[in-house]
Amino acid sequence: MQSVSAENPEFIRATRISYDTIADAYAERFSDWLGVHPTDRALLGAFAELVTARGGGPVADIGCGPGQVSAALDVLGVPVFGVDLSPRMVELARRAHPGLRFHVGSMTSLDLPNETLGGIVALYSVIHVPDGHLPTVFAEFHRVLVPGGHVLLGFQSGSPEGDEEHLHLTERFGHEISLDYFWHTPDAVAAHLAKADLQLQTRVLREPAGEEKRPRAFVLARKRP
Ligand SMILES: C[S@@+](CC[C@H](N)C(=O)[O-])C[C@H]1O[C@@H](n2cnc3c(N)ncnc32)[C@H](O)[C@@H]1O
């Protein structure tokens, strides 16, 4: 497991502890969200096709939570493994999907060699990274992707006219936590990707459905072939 250090600042420590605290409840509540939204499934399917057309995986599902996105990619024939900051999430993912590999790690400092991944998917995990740390995350993504490798990001979108919107939760699922959410806009994320030399391919904004409060942004990019 990675230690908390200069590369792993306080927000990383707080996020890890918070997700360890709510992992079981999160898994129970959200393990099937992909089954609910056809648009989200279609985008994951498009990502799988792009990765396969370029030459295949491995794909890292970063911020994998209980592992349901990894499992969906596996069904689509993409070699995939999951990475998550929370040891408890990793434990639950391993238990739910014993045929897949999951390990503890942070997207801010990936324990992966250069140019080895055909793709990266990060759904609802960059929401826990402040804007000022996105350059570090996307530099890491660029480092570990093979040339032509793809990235799919999904996140609750901030409103275009707002400054960076931020939510701090001290309670969730009846547990005491200290968890920050940063509602990035697709434009801000696209600008950070471009600076990291990850070329924007597709940007989609889906309106909130059911109990969702914010639009869902999906951004596909790739490392220059
Ligand atoms: C909202 S959950 C999303 C889980 C899963 N991707 C899903 O779609 O259900 C956010 C996950 O990102 C993980 N996470 C947050 N910050 C992270 C980081 N810096 N590196 C890796 N994982 C992180 C959390 O531990 C948590 O499991």
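The values are calculated or read from the model by the stated rules, or taken from the named source; none is laboratory data. Computed from a prediction, not measured in an experiment: that's the story for all the values here. Don't worry about glycine lacking a Cβ; one is built from the backbone with ideal geometry, like all the others, and counts go over all protein chains shown.
In table form, for the structure just shown:
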item: Residue selected from region 1-13 under the condition near the ligand (Cβ under 10 Å from one of its atoms) and at pLDDT 90 or above, by the criterion surrounded by the most Cβ atoms within 10 Å (Cβ to Cβ); result: 12
item: Among residues of region 50-78, those that are at negative phi, under 17 Å from the mean Cα position of the chain (by Cα) and not β-branched (Val, Ile, Thr), counted; result: 12
item: One residue from 112, 73 being touching a strand residue (DSSP E or B) at 6+ places or on another chain (Cβ under 9 Å) and in a helix (DSSP H, G or I); result: 73
item: Qualifying residue in region 126-146 (condition: among the charged types (D, E, K, R), farther than 25 Å from residue 11 by Cα and surrounded by fewer than 17 Cβ atoms within 10 Å (Cβ to Cβ)); result: no
item: Candidates 23, 42 - the one that is surrounded by fewer than 21 Cβ atoms within 10 Å (Cβ to Cβ) and farther than 23 Å from residue 147 by Cβ; result: 42
item: Boolean, residue 45 is in a helix (DSSP H, G or I), small (Gly, Ala, Ser), free of Cβ contacts under 8 Å to residues at least 40 places away in the same chain and more than 30 Å from residue 113 (Cβ to Cβ); result: no
item: Verdict on residue 34 being away from the ligand (no atom under 12 Å from the Cβ) and either more than 23 Å from residue 106 (Cβ to Cβ) or surrounded by fewer than 22 Cβ atoms within 10 Å (Cβ to Cβ) (or both); result: no
item: Residue under evaluation residue 66, criteria (1) within 12 Å of the ligand (Cβ to nearest atom); (2) more than 19 Å from residue 145 (Cα to Cα); (3) part of a helix (DSSP H, G or I); (4) modelled with pLDDT of 95 or more, criterion not met; result: (3)
item: Tally of residues being farther than 20 Å from residue 20 by Cα, part of a loop (DSSP other than H, G, I, E, B) and out of contact with any Phe, Trp or Tyr (no Cβ under 9 Å at 6 or more places or on another chain) across region 77-97; result: 2
item: Some residue of region 50-58 being near the ligand (Cβ under 9 Å from one of its atoms) and more than 20 Å from residue 112 (Cα to Cα); result: no
item: Total residues in region 150-184, condition buried (at least 22 other Cβ atoms within 10 Å of the Cβ) and touching a Gly at 6+ places or on another chain (Cβ under 9 Å); result: 5
item: Which numbered condition residue 84 fails, given (1) near the ligand (Cβ under 9 Å from one of its atoms); (2) touching a strand residue (DSSP E or B) at 6+ places or on another chain (Cβ under 8 Å); (3) closer than 22 Å to residue 191 by Cα; (4) of a type outside the set (S, T, N, Q); result: (3)
